[in-house]
Amino acid sequence: MHSGCGKEAGSSMWIYVLLGNLLRGIGETPIQPLGITYIDDYAIEENAALYIGCVQTVAIIGPIFGFLLGSLCAKLYVDIGFVDLDSVTITHKDVQWVGAWWLGYLIAGVISILAGIPFWFLPKNLLKPERRKDSSTSSEQSKFITEDNKDQHKSYQQQGKITEMAKGKSLEFLSWPLNFLPSLKNLFGNPVYILYLCASIIQLNSLIGMVTYKPKYIEQQYGQTSSKTNFVIGLINIPAVAFGIFSGGLIMKKFRISVLGAAKLSLGSSFFGYLLLLSLFAMGCENSDVAGLTVSYHGTKRMTDYEQALFSECNSGCACSKNDWDPICGENGVTYISACLAGCQASNGSGKNTVFFNCSCVRTMESPSQSSSAVVGPCQKGNECPKMFLYFLVISVITSYTLSIGGTPGYILLLRCIKPHLKSFALGIYTLAIRVLAGIPAPVYFGVAIDTTCLKWGSKRCGGRGACRLYNSSALRYVYLGLTLVLGTVSIFFSVAVLWVLRKRSSPQDETLSANMERGTCGTKSRKDNFVNNGHLIQATYWPEKETRL
């Protein structure tokens, strides 16, 4: 036992997982800032939203197959091919079951390598549409970009001269430090960008935390298996997200929604999405009847956290361990933490087909004459729980679709509120902020909050606290959904601030001009004249190939 503990404590396998995720992040990061900019530079302005929506939709389709693959791998034992499966005493329905998690990495890695090959054949630049050749900025974009002060404008002119001098690629590479700080200052001086960045960070904290622990929530709240949970999420929830993102892009193209309209659409989708999420508070299940944790051994009295008593008169002479977690289901519908704590004295069969007899604690729940047998595995939750799970799925799908509609309008808002030569840089900062300030901390503090609802902790092989075996269903529901809603509400306030700033910047004259341009009644020359007269800045020296040169 001591050698096994030493091996467990000195294991360095986590380093390989860390390096693998690090390399994966390096490879996938450029797709967002450079790919989205590449599309926005060369697509016709009114089609850009649809194209971006298509890209985001395709990106969502991957997790669909990922969850389905995970569902399949979760049914396979972790050491498949190395152990005799007939000797395994638990099934994939047991909370102690560990599926073949590593198999999904191998399959997904090979597919990712094959998917990356076509990127080598993309051209350095594409032919620019005729209607965008005579305008360095979009008509919508130039309304919300204010002119900088003279000093800042001079700094950009100096940067332009430096870039022109850097004809060689090596000199052009060396000139980036001179551009970085002024660009960062210009970007963070844009109130629309900063407010939208804050709104996105807080909202994605909410969504990432919710998605990360959604499988655990479904398993613990509704008594579903991990394989079925992954299958349901991959087959129902993620397609709703993909369809919502595509619908957002289609709505933007169909109705030619302006930047102000995109902000309204993004705000509306968030508001109604979190409003629907409120209804999930009423769609929960009661705690499972677990002897010594949620019910007593001598009756059906509900117990509080302070009254947990795993030992009773019926199992006092069995010398049981309170750290074991091998649940069995008695014929009285109550789950017992182990056969020993249930007072079972005989068994028949082996492995997952074992049946226990003469269980003294099972007999005392009703009457001494009752058959006191039990089978391996926890009991199923109440009869109302499957119905609640169905309601949860329906509301969850509608909520996912509603929240996802605002994804593409949000991207268009982000692209139109910044200067063209800062698009790739702005999207890079946006992606970095989302991953560092939302992707990393959200699962951590969501996990800490959820762990406060644990009723029964497992133990590691060498001592110490292990994974949680049983949660308080009601407390888990309030913590999980409550934290999601609080963060979502805060993000809505920032979205309202974004809309307020955009309304303040967009004068009635600008709105009339934008409407005329959408109908095609304004020529290119008159558009430029109006922008100059209104004091808006047009970057005449900007060329999109500079942003997305491969």
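The values are calculated or read from the model by the stated rules, or taken from the named source; none is laboratory data. If you're wondering where the values come from, they're calculated on a predicted model, not measured in any experiment. Virtual Cβ from ideal backbone geometry, glycine too; neighbours counted across all protein chains shown. Accessible surface is based on the protein model in full, side chains and every heavy atom, while ligands, DNA and RNA are left aside. Shrake-Rupley method; radii C 1.70, N 1.55, O 1.52, S 1.80 Å.
With Leu502, Leu487, Leu476, Leu483 as the choices, which residue is over 26 Å from Ala442 (Cα atoms) and either outside any helix (DSSP H, G or I) or at pLDDT 90 or above (or both)?
On the way: Leu487 fails: over 26 Å from Ala442 (Cα atoms); Leu476 fails: over 26 Å from Ala442 (Cα atoms); Leu483 fails: over 26 Å from Ala442 (Cα atoms).
After ruling out the rest, the residue left standing is Leu502.
Could you tell me whether Tyr193 is assigned by the TED database to the domain that holds Lys419, modelled with pLDDT of 90 or more and within 24 Å of Val501 (Cβ to Cβ)? Lay out the reasoning, then the answer.
Details: assigned by the TED database to the domain that holds Lys419: yes; modelled with pLDDT of 90 or more: yes; within 24 Å of Val501 (Cβ to Cβ): yes.
Considered against the rule, which asks whether it is assigned by the TED database to the domain that holds Lys419, modelled with pLDDT of 90 or more and within 24 Å of Val501 (Cβ to Cβ), Tyr193 comes out as yes.
Return the residue satisfying two criteria in turn: it lies in segment 396-428 and is open to solvent by less than 30 Å² (accessible area, probe 1.4 Å) and either β-branched (Val, Ile, Thr) or free of Cβ contacts under 8 Å to residues at least 60 places away in the same chain (or both), and of such residues it is farthest from Ser288 (Cα to Cα).
Within segment 396-428, the match that is farthest from Ser288 (Cα to Cα) is Ile418.
Of the conditions (1) open to solvent by 30 Å² or more (accessible area, probe 1.4 Å); (2) more than 23 Å from the chain's Cα centre (by Cα); (3) among the aliphatic types (A, V, I, L, M), Leu390 fails just one. Which one is it?
(2)
Within segment 361-378, track down each residue that is under 24 Å from Leu455 (Cα atoms) and modelled with pLDDT under 90.
Listed by number, the residues that qualify are Cys361, Val362, Thr364, Met365, Val376, Gly377, Pro378.
Run Ala426 past the list (1) more than 30 Å from Pro327 (Cβ to Cβ); (2) at pLDDT below 85 and report the number of the one that doesn't hold.
(2)
Give the number of residues within segment 444-469 that are open to solvent by less than 30 Å² (accessible area, probe 1.4 Å), touching a residue at least 60 places away in the same chain (Cβ under 8 Å) and not small (Gly, Ala, Ser). Step through it out loud before you land on a result.
Here is the first cut: in segment 444-469, the ones open to solvent by less than 30 Å² (accessible area, probe 1.4 Å) are 446-447, 449-450, 453-456, 458, 466, 468.
Those still in the list that are touching a residue at least 60 places away in the same chain (Cβ under 8 Å) too: 446-447, 450, 455-456, 458.
Within this subset, residues satisfying the condition of being not small (Gly, Ala, Ser) are 446, 450, 455-456.
Number satisfying all stated conditions: 4.
Conditions (1) open to solvent by 20 Å² or more (accessible area, probe 1.4 Å); (2) of a type in the set (Val, Ile, Thr); (3) out of contact with any Ser or Thr (no Cβ under 8 Å at 6 or more places or on another chain), marked per residue:
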site	(1), (2), (3)
Ile257	yes, yes, yes
Tyr274	no, no, no
Met283	yes, no, yes
Asn287	yes, no, no
Cys314	yes, no, no
Asn332	yes, no, yes
Thr335	no, yes, no
Cys340	yes, no, no
Val362	no, yes, no
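Residues that are in contact (Cβ under 8 Å) with a residue 40 or more places away in the chain, closer than 30 Å to Lys504 by Cβ and in the same structural domain as Ser491 (by the TED database): which helices (runs of 4 or more DSSP H) entirely in segment 202-281 hold 3 or more of them?
238-254, 259-278
Name the pairs whose Cβ atoms lie under 7 Å apart, with the first residue in segment 19-48 and free of Cβ contacts under 8 Å to residues at least 40 places away in the same chain and in a helix (DSSP H, G or I), the second open to solvent by less than 20 Å² (accessible area, probe 1.4 Å) and of a type outside the set (Asp, Glu), and 6 or more positions between them or separate chains?
Going by the 7 Å Cβ cut-off, the qualifying pairs are Ile39/Ala48; Ile39/Ile52.
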